[in-house]
1. Specify the residue that is farthest from the other protein chains (Cβ to nearest Cβ); the eligible residues are those in the stretch A:202-234 that are farther than 15 Å from A:Asn272 by Cα and over 37 Å from the mean Cα position of the chain (by Cα).
2. Would you check which residues across the stretch A:387-401 are within 11 Å of A:Gly66 (Cβ to Cβ) and open to solvent by 10 Å² or more (accessible area, probe 1.4 Å) and list them?
3. Only one of A:Arg297, A:Arg235 is closer than 30 Å to B:Leu185 by Cβ and among the basic types (Lys, Arg); which?
4. Residue by residue through the stretch A:453-509, note down the ones that are aliphatic (A, V, I, L, M) and either modelled with pLDDT of 80 or more or within 20 Å of A:Glu432 (Cβ to Cβ) (or both).
5. Answer with yes or no whether A:Ala408 is open to solvent by less than 10 Å² (accessible area, probe 1.4 Å) and touching a residue at least 60 places away in the same chain (Cβ under 8 Å).
6. Filter the stretch A:118-152 for residues that are touching a strand residue (DSSP E or B) at 6+ places or on another chain (Cβ under 6 Å) and assigned to a loop (DSSP other than H, G, I, E, B); which is least open to solvent (accessible area, probe 1.4 Å)?
7. Within the stretch B:192-220, how many residues are open to solvent by 10 Å² or more (accessible area, probe 1.4 Å), of a type in the set (D, E, K, R) and farther than 14 Å from A:Leu238 by Cα?
8. With respect to the numbered conditions (1) at pLDDT 90 or above; (2) open to solvent by 30 Å² or more (accessible area, probe 1.4 Å), which one is the sole condition not fulfilled by A:Gly438?
Amino acid sequence: MNRRAKNEMSRRQALQILGAASTVPLFRNPVGMLIDSIVGGLIQEARAEAAGRPAPRNLIVFYLTGGAPRWHFDAAHDPYKPGLDRGDNKHLINGFQDGKPGLYKREYNFSGGRTLYLPPLLASTIAPSSGKSVPMSDLLRNALVMQGVNMLSDGHQTNYAALVMPNPNGISYSGLIADASAAEIPAIALPKAPRAHKSASGNGITLLDNYAGPLGQLLSPFQRQPADAGFLSRRAALDLAMKTALQKLGTFASSSDPAAIALYSAQGKAENLLKRSLGDLTVAYSGLIDKYRKIIRKAIDDGRTGVAGVLDQAIPMTMFSDAERAFNKGVPTNIADLRDLVTGKTDIESMAENFAITEYMILNGFSQYVSAYIGNVYYAQRTAGVFETINGDEHEVGGIVSLVVNSARYRAFYACLAEFIDGLKAKGLWNESVILYGSEFNRDPRPDGSGSDHGWRGNVYTLMSGVIDGPYYVGNTSTAFGSAGPTRIGAAEVDSVVRGYVASTVATVARIQTPSSNNSSFLTQSAGGAFALNNIEPSKGVAK
Amino acid sequence: MKPARLLIAAIALLALPACFKFGPRLEESSRLVMGPLDEGTILQKTQQTTIRIGDREQVSSVLVNVFGPAAQKAVTENVLRKPALFGGPCDIHSESAQSEPNCTFEDVSAGPVPVVTSAREALRTQTCDRIVQDDAAIRYAAAQARDLDDGSFIDSEAPGDADIQAAFELFVPGRTLPADALEALKTGVVAGAQKQSGKTAEGWRFLFLTLCLSPQWEIL
């Protein structure tokens, strides 16, 4: 080895030794330094911009578990063909009175009479705690239904996350809200709800993993622990001096750690909430959950009379022909009353918990984002005497079982929703709140009625807010309505609605930055403040 | 390499901007995503800035190091037993052998990496409040600031500029307070003492309360 090579090797060795000894990571190169300063500047820029923006609207995301079928609920099948007869597949009778392409601001329409196959769900009434019955379809007045949404992938897990983080690896709705909100606990995800979360500023999401004293779990850190009254009094008197010092320390910290701002902001929010008297959370919660239990019970009990044609009479399975029984694959054939297939076992607790927690946190202003799941309230008896949940994949559950179980879910869900919206209105928050509900995908009912498959190219999202002057429907749910009957209703047209449109629409109404800047919003705000449909291409039902 | 050059290189490396040590951590992730049909795949890259904050072990060790044994009870109840909020490893098998475990079965699913939430800050704030009410904790911390064994001087001597800087460095070692932060802390010290008829111990109490509340020391 010559002298020069020896020296070169010695320099490398020296750098390795220095790297090990130094606290400075040697892999931080000048490009890394540049990125640091650019990111820091972007954050400061975003914050400065955000400071001049109004606060986000509340955003509540309800997740309908398992890829829930929407084609007998609020999804309109092929709005361009208003005829109610869909051929052999008797599931499909939704439609509008006027099947004109373009903007669908019409009265919802149902079949003239009863049907064994598709309860005209939205024609039935529900009763919030006010006692005043309202048609389910009333809730669509402030709704935009985005259907035929192409999820770009067929998978429960991927699309479960996409409900709240529509751009993979991008910023989530919860992150956008948490970064812009002054609420003390800006974003929470309830048990089993989608919780994919990413924030630009390092703000976290609060996760609830079980329902054991949920308000206590969320708020007990903010309930003042016993302390000397004299100390607390002096502390309060010195509040201004401490805040001034903390502000100076915060500025100092963020000069080298821009993301420290999130930490100081969280500390400030904690101080604010510690000063509030939260009262007895147990008492507050018990009132709320009792209320929602009653609403749900009434919705599903009333369903036995309110869901015309299916649950308002005893329909023995012997009424079905062999072909029709095949429609309900696996269902016991000796059932004397169809209702007994499903009403032997219920689970109303989780839906009641989710709405009770959501109402408390949003109406009291503690949070501006809640993610909650909506499961089935009825179990299904697919083997004689055995009740099982069908919250998940419904590939083989059979047509009637799926219809009845999900009809109960949607009745209960809408009854709770009506109650929650009444609460928002009473607090003057309906115009400042946005509700989004959807699932991993729609379902694609098999023509033989044996079950359904993943309709990932035809998902349905519904957006509700006091500022949406609807009802509006965009997008299609079907590409094939041939003479043999619809072969696929979960499919959207190519170049039709993709989930980026949904993301931009949600963001526009929620007053947050869109996670999907390549796609426009279906809604724009008028000078009066209400949101109306953008100019859309009538033949495809999508925004230009 | 000659020793002189080695020394120069060492100085150059160690003099690099502090942002290398304390700067935000960048995450860059790439993910292949199916684009709309017939358009092939799209490579998506996103960047975000996150902040790394200490877990329950780090938070509790700082507080006990600064305030001594008097801090242990508050720290155990509010920090060590809250893995869901503060993160940190949770070995359920070793914990279950203790009469008062810091981690229960409900905590097993708690994430190991803590995130910034106001709930965590609320518990940390309450922990600071509880600790500083104890005179023994204040004496211990003040003694550490002056590198002494006994902190009884707090009853007769108010903290000076050097004390404030030293107290700050108990939480954030190696950093120098800027002048405006120092002045703001001094104002709090004076105001704190005035609230208790000029008792100097109160000045020390509110100094350490403010430094404890300031979240900077949580940042890794």
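The values are calculated or read from the model by the stated rules, or taken from the named source; none is laboratory data. Since the model is a prediction, treat every value here as computed from it, not as a measurement. Quick reminder, even Gly has a Cβ in these numbers, built from the backbone with ideal geometry, and neighbours come from all protein chains shown. For accessibility, only protein heavy atoms count, side chains too; no ligands or nucleic acids. Shrake-Rupley method; radii C 1.70, N 1.55, O 1.52, S 1.80 Å.
1. A:Ala229
2. A:Thr389, A:Asn391, A:Gly392, A:Asp393, A:His395
3. Details: A:Arg297 fails: closer than 30 Å to B:Leu185 by Cβ.
From the options A:Arg297, A:Arg235, the qualifying one is A:Arg235.
4. We begin by selecting, within the stretch A:453-509, every residue aliphatic (A, V, I, L, M); these are A:460, A:463-464, A:467-468, A:474, A:480, A:484, A:489, A:491-492, A:494, A:497-498, A:502-503, A:506-507, A:509.
A:Val460, A:Leu463, A:Met464, A:Val467, A:Ile468, A:Val498, A:Val502, A:Ala503, A:Val506, A:Ala507, A:Val509, listed by residue number.
5. Values: open to solvent by less than 10 Å² (accessible area, probe 1.4 Å): yes; touching a residue at least 60 places away in the same chain (Cβ under 8 Å): yes.
Yes; evaluated as a whole, the condition is true for this residue.
6. Once the filter is applied, the top-ranked residue is A:Met151.
7. Summing the residues that are open to solvent by 10 Å² or more (accessible area, probe 1.4 Å), of a type in the set (D, E, K, R) and farther than 14 Å from A:Leu238 by Cα in the stretch B:192-220 gives 1.
8. Against the list (1) at pLDDT 90 or above; (2) open to solvent by 30 Å² or more (accessible area, probe 1.4 Å), A:Gly438 comes up short only on (2).
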